[in-house]
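Notes follow once the structure below has been shown.
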Amino acid sequence: MKRNRCWLPLLLLGLLVAFALRAYRLGDQNIWWDEGLAIWAVRHSFVETTLWTAGDVHPPLYFWLLWPWVRLAGESEFAARYLTALVAMLTVAAMAPLGRRLGGPWAGVAALWLLALSRFHVWWSQEMRMYALAALAATLSFYFLLRWISEPQRTQRAQGNSRKPLRLLRSLQVETSWVGATVAALYTIYFSALLLVVQNLYVFIVGLRRADRWALWRRWLMMQGVALALWAPWLALALPRMRSWSVVQEPVPPGFVFLLDGVLLSVGISTQVEHYLWAVLVLLAVLLWGTMALLSQARRAGALGPVSERLWLLALGTLLPPLMVWLVTQPRMLFYTPRVEARYFLSFAPLFYAWLGWAMSPYSHPPAPSPSSTLLERGRKGPEGPGVGVRVALAFALMLWALPGHYANRRLRDDLQSTVRAIWAQARPGDAVVLVSGDRYPMFLYYYDRAPAPADRPPVYLVPRKSLRLDAPGADEELAPIAEAHTRIWLAQVERHLQDPEGAAEAWLAERYTRLLALEFGHNRLSLFGPAGEEVTADGAHPQYPLFATPVAGLEVLGYDLPVREVRPGDPLRLGLYLRAGPPLVPEGLGGEECFWYWTARSSLPGVMLVEPSGEMLWGTLLTLCPPNRTIYRLIEFPVTACMPAGRYHFELTAPGGKPVPLGEVQVTQTQPDLSPAEIPRPMAARLGESIQLVGYGLYRDRGILGKQALAPGAVVRPGEHLLLDLYWQADGPVGENYVVFTHLVGATHNPATGNPVWAQDDHEPLRGGCPTSLWISGRLLRDRYELILPADIPAGEYLLEVGMYRWDTGERLPVSGDGADPPNRRILLGTVKVER
């Protein structure tokens, strides 16, 4: 009789969806500390990597896999993480047989889709860490345990001895597979030892119901003995090397750990988990509803025993891990004590989704142990409950709601790439790099030593090595030997406040050398120290994007570096240029015989510009090319603000009499969308200073998840309410300075909290600092939101709503004119609101 396999296309589709979700933007995230440390470890020899792991907090299996992987696939963010994505795909595929073992093919389909769409699992499928591998091993361990636990019943029911050798062989295969999966889990993370706690409790409970319990338990102990014997050599190597240390500052209560686990399983979020209690309750309701329906159907079908056995494993595997995580994160004096982290829950997550998939599936009973069990088969093919569709809709709607948030902030940022490339481009033989970074060296070295790193790049010295913090005597002790061996020293300060807050290394070098180069990278800094008169050139450097163009006689463009292709407001946007300046005419008044100057505007002088999607120049910079007839490297940084139009921008170098040289493109995203005057709720015409216009505003009452309610002038408000004020700005010319916007609610009575009549205020730069006034684009309309929180003790009465701007350094307000202007007080009045208690 032909079997109905209509569920197979859903399995294949689920695997394709799972792969797409785990491959999407896989490389679009900077390497973080743990990932950088993993790459640092596997760059050593295989034996060195193993010995290092023996003193670390994790066993070696993941590093054993990563070691050959990066040598074959490379060390890029995508390539190195792809190993984890493949491992995670095997876990998704394993959900089908696990679910089928629990409750038939539809339970397998549901379990596979739940894990495929799980934001929690997608998150750790895109990390270069070992936790996805641990989850795969744990899932297989549970699957083979379920298969093995039914062997005694099958043996008793079997009739005749003709197939006994085959049955014994299959039983041995299952046992060997369980041992292999469990040992893999133990060699991946030490937390996997807690698998045995759950499984021992389960086997003990099941054995109490079995007539052959003693044979079952003896065989189980033998299997565990083999697994532990295979783990013992590693423990013998690692235990003497382990250090006792803790990162726990204050233990968390067990209730928080259970809530965190529930939020991770439901929406995959690990921050502000108290905001997502509702999601936990929704998923818990689906699980309990489906489980009760499952037990009811099993009772009617006479299959309550097999169903309850499986539910014991699922319940233990779901409820015990949070308790065990809480226990192992309590302060102790033996080995490593971690803090509560999301990743520790991943190993048991597939078991929960298998339970949920079983509770959601239309065919909810486990497969029959033998063909003669027709009662179970009848139960498995029974009618679906009317709530199946509702449970499926609720669970998958929750998963789909949470999933986009995982990708919202995934993008590559230029954190250290330009720092590293600046050294590559301008270093020469005999240089050295002194890295002052605290424990941030894995991220720096990840980029510094990654292909296409020059083979002759300077060696890196980590400072300090002999103390936790660097002082003047320590700087002399550590830097003097380096200075004796090298002519020039690059000082890379990456979060130097961690170990060199006083700048001892920089002061020591500045006393003995000339600073030849200084580059700022946000809060990080790169300096080159060497003998006075040394030239800093990029002869022989290899640009990330080579090209050869001569936009004007005497100027050669050899290539450029552009580490990122997408930027958002606040991200650094840096372009590294490789140029060679010949002997062109020097524009009068702009330079001498040593340096050639290039402007940024489209005029009679060449320049490098960032061009909008519309074709208009947005930003530019001034270049000096020095010395002549040498290749030089110039790093240019452009601001990215929230008030820039979104779209594809490009860089270009223009020169008089020549055609523009394109220098790459970058996508600007998540900026404020274009606005039209018709969107302004209350238009007005007011002016602040010479170039700033306030063209309207909108006032609203914040109603939380219910949205906002528009308020008219004179509207009634109450203590404790939150008012949202949208200001609409427009510049009709350049704004030379940065100003702070003030928004005040002013009453007739004195406020003891502020010492003046201001009862609510919100002062900050436009768009919360995301669009400083000095970077406003002329003619572009901006919406700028402020929040006024009415204090609980605010008296009843009428209050004025005033706005304006002032200099942040002096507090001097800009002069005002136009609608609502109060020139003597340099403020604009938007109207009143009435407070009623």
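The values are calculated or read from the model by the stated rules, or taken from the named source; none is laboratory data. Bear in mind that the values here come from a model prediction, so they are computed numbers and not experimental data. In this analysis, Cβ positions are derived from the backbone assuming ideal geometry, glycine residues included, and neighbour counts consider all displayed protein chains. Each accessible area value is taken on the protein alone, full model and side chains, heavy atoms only, with ligands, DNA and RNA left out. Shrake-Rupley method; radii C 1.70, N 1.55, O 1.52, S 1.80 Å.
Quick notes on this structure:
- Compared with the alpha-carbon gap, the fully stretched path from residue 718 to residue 277 is longer by 155.9 nm at 0.36 nm per residue.
- For the range 469-499 versus the range 616-630, the inter-centroid distance based on Cα atoms is 32 Å.
- Cβ-Cβ FRET estimate between residue 621 and residue 817, R0 fixed at 41 Å, reported to 0.05: 0.75
- Label point distance in nm, residue 20-residue 690, each placed 7 Å from Cα along Cα→Cβ: 5.5 nm
- Bins of 10 Å from zero: percent of alpha-carbon pairs in the range 270-333: 17, 33, 29, 16, 4, 0
- Phi-derived couplings, Karplus 6.51 cos²θ - 1.76 cosθ + 1.60 at θ = phi - 60°, listed residue by residue for the range 55-66: x, 8, 9, 9, x, x, 4, 4, 5, 5, 7, 5 Hz, with x used for Gly and Pro.
- Per-selection Rg to Rh, the range 80-143 - Cα, Kirkwood hydrodynamic radius: 0.99
- Site pair residue 256 and residue 832 shows an inter-label distance of 4.8 nm when each label is modelled 7 Å from Cα along Cα→Cβ.
- Largest to smallest in accessible area, the residues 506, 35 fall in the order 506, 35 (1.4 Å probe, all protein chains included).
- Placing 275, 486 in order of accessible area, with the largest value first and a 1.4 Å probe, yields 275, 486.
- Proximity of backbone amide H atoms, modeled 1.01 Å from N, is registered between residue 721 and 790 at under 5 Å, excluding neighbours fewer than 5 places apart on the same chain.
- Normalised per residue, the volume of the convex hull around the Cα set of the chain (Å³): 233 Å³
- Separation between Cα centres of the range 753-788 and the range 164-206, rounded to whole Å: 61 Å
- Cα gyration tensor shape of the range 433-537, rounded if a/c is under 1.5, else prolate or oblate by comparing a/b with b/c: rounded
- C-alpha center-to-center spacing [the range 263-286, the range 30-86] in angstrom: 32 Å
- Modelled this way, with points 7 Å down the Cα-to-C-beta line, the labels at residue 556 and residue 665 are 2.9 nm from one another.
- Residue-by-residue Karplus 3J(HN,Hα) for the range 172-181, coefficients 6.51, -1.76, 1.60, Hz, glycine and proline x: 5, 4, 5, 5, 5, 5, 4, 4, x, 5
- Stretch gain in nm, segment residue 498-residue 300, where the contour uses 0.36 nm per residue and the Cα spacing is subtracted: 64.7 nm
- Averaged per residue, the chain has 44 square angstrom of accessible surface, using a 1.4 angstrom probe with ligands and nucleic acids left out.
- Rg over Rh, two decimals, the range 1-66 (C-alpha only, Kirkwood Rh): 1.27
- Anisotropy class of the range 694-823 from Cα gyration tensor, a/c 1.5 cut: prolate
- Taking θ as phi - 60° and the Karplus parameters 6.51, -1.76 and 1.60, the scalar couplings of the range 284-295 work out to 5, 4, 4, 5, 5, 4, x, 5, 5, 5, 4, 5 Hz in sequence order, x denoting glycine and proline.
- Cα gyration tensor, the range 233-299 - rounded (a/c under 1.5), prolate or oblate: oblate
- Subtracting the Cα-Cα distance of residue 774 and residue 451 from 0.36 nm times their residue separation leaves 112.4 nm of extension gain.
- Mean projected area of the Cα convex hull of the range 734-799, taken over all directions, amounts to 5.6 nm².
- 13 Å cut-off, amide nitrogen to a point 7 angstrom out along residue 232 Cα→Cβ, residues in the range 112-138: none
- On the chain, 60 percent of the accessible area sits on carbon and sulfur atoms, based on a 1.4 Å probe.
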